[in-house]
Structures are given as structure tokens and as C-alpha cells.
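Quick notes on the structure that follows.
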């Protein structure tokens, strides 16, 4: 069943644009008919995340300082699929951030990361048949630490609030269910 959109847009203008995001301010009529504004952050890349799990049940977490949060964050390897399909982007990010490759890939979940303010979509993959092939080669904006932990321990980190990144939370919880 398709629902009818109760929002009406009366005017839109781009207020900010860079190579990664575009912010548009919309003049709207709310579902109750009252006037208002709505800002939408359009992400120009598709987000990807990878839960790499080896034959012993270990996964890898990537730690880094997140500028927007002004805090350190433990996450699954993730990033943006640039001018490529999401799976290719996920494979590239896993190699760049961890030096790992995988023989088998499975789409775990597709999520909207924060659908009240952004149109960002994230594709999260389970990667198995893990091999270490190179040293990590992070981007200049990344200062990464790697941590190899049991998948169950990573899920406990989610439960304790130590992992809060939406893509990581969704990926780790789904991977645990799929592999149970």
C-alpha cells in the first residue's frame, strides 16, 4: 500500500554545496497545513559499511576521532562509494582501512542513517574468507586504530553504548543474527 505525501513544498533553494553534501532549504506546508521550513542534507555518495568476520569469529573495528561529534568512535570499516557501486566501495574501504580482503560478500542490510535530516542510504555487508594482504592506507583525514575482537564482544560494546555509529550498530547486530 502506498501512502500519500501529506507535505507540500512551496519553494526550495540550495543553501550550501560542496563535493560531499548539498543542503537545501524547503519552504513547506506541514501535514496540518501550517507553513514552515525543512532543511535536507543530500549526501552525494552512498555510504557503505563492512562487518568482516574471520573463521575464528573475530571482527575488526576501526577507531578514529569524529570531528562532528568531537569524540572518539569505534566503528566497523565504512565510508562512501564514490563513482562506484556500493559493493566495490565496501571492498575498497575494507582494504584501505584494515588491509584486509574477503572471498565472500553478502548484503546484510540497507538503512537510512538519519531520515529526519538526510537522504543518506547505507549498504552494510558481511565479509567472510578474510585475508590480510596489505598495510592499511587511510585517507589524509583519517588517523585510524584497528582492533580485532570477537563478534560477540563487539555486540556487547553496542549494548554498553561504546559503539554508537548507526551503520556499525545495525551491521554488528544484524551480523550476529545472521551468523547465529
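The values are calculated or read from the model by the stated rules, or taken from the named source; none is laboratory data. The structure displayed is predicted, hence computed values, not measured ones. Reconstructed Cβ throughout: ideal geometry from the backbone, glycine too, with neighbour counts over all protein chains shown.
Comparison of 30, 26 shows that the only residue that is surrounded by 15 or more Cβ atoms within 10 Å (Cβ to Cβ), more than 22 Å from residue 109 (Cβ to Cβ) and outside the structural domain of residue 164 (by TED's automatic domain parsing) is 26. Remark: pairs (first residue in the stretch 161-173, at negative phi and without any contact (Cβ under 8 Å) to a residue 12 or more places away in the chain; second residue part of a helix (DSSP H, G or I) and crowded, with 17+ Cβ neighbours inside 10 Å; Cβ separation under 8 Å; 6+ apart in sequence or on different chains) = 169/158. Candidates in the stretch 27-39 are the residues that are in a strand (DSSP E or B) and within 15 Å of residue 5 (Cα to Cα); of these, the one that is nearest to the chain's Cα centre (by Cα) is 38. The residue that is nearest to residue 75 (Cα to Cα), counting only those in the stretch 164-180 that are within 13 Å of the chain's Cα centre (by Cα) and assigned to a loop (DSSP other than H, G, I, E, B), is 165. Remark: residue 131 matches the filter, which requires a residue to be at negative phi and either at pLDDT below 95 or surrounded by fewer than 14 Cβ atoms within 10 Å (Cβ to Cβ) (or both). Scanning the stretch 77-128 for residues that are farther than 23 Å from residue 148 by Cβ, at pLDDT below 95 and part of a strand (DSSP E or B) yields a count of 2. Only residues that are in contact with a helix residue (DSSP H, G or I) (Cβ under 7 Å, 6 or more places away or on another chain) and over 22 Å from residue 84 (Cβ atoms) were counted across the stretch 36-57, and they come to 2.
Results for (1) touching a residue at least 24 places away in the same chain (Cβ under 8 Å); (2) touching a helix residue (DSSP H, G or I) at 6+ places or on another chain (Cβ under 9 Å), shown as yes or no for each residue.
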position: 16; (1), (2): no, no
position: 26; (1), (2): no, no
position: 90; (1), (2): yes, no
position: 99; (1), (2): yes, no
position: 111; (1), (2): yes, yes
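In the set (1) modelled with pLDDT of 95 or more; (2) within 30 Å of residue 99 (Cβ to Cβ); (3) in contact with a strand residue (DSSP E or B) (Cβ under 7 Å, 6 or more places away or on another chain), the condition left unmet by residue 23 is number (2). Being surrounded by 10 or more Cβ atoms within 10 Å (Cβ to Cβ), in a strand (DSSP E or B) and at pLDDT below 95 holds for only one residue in 65, 74, and it is 65.
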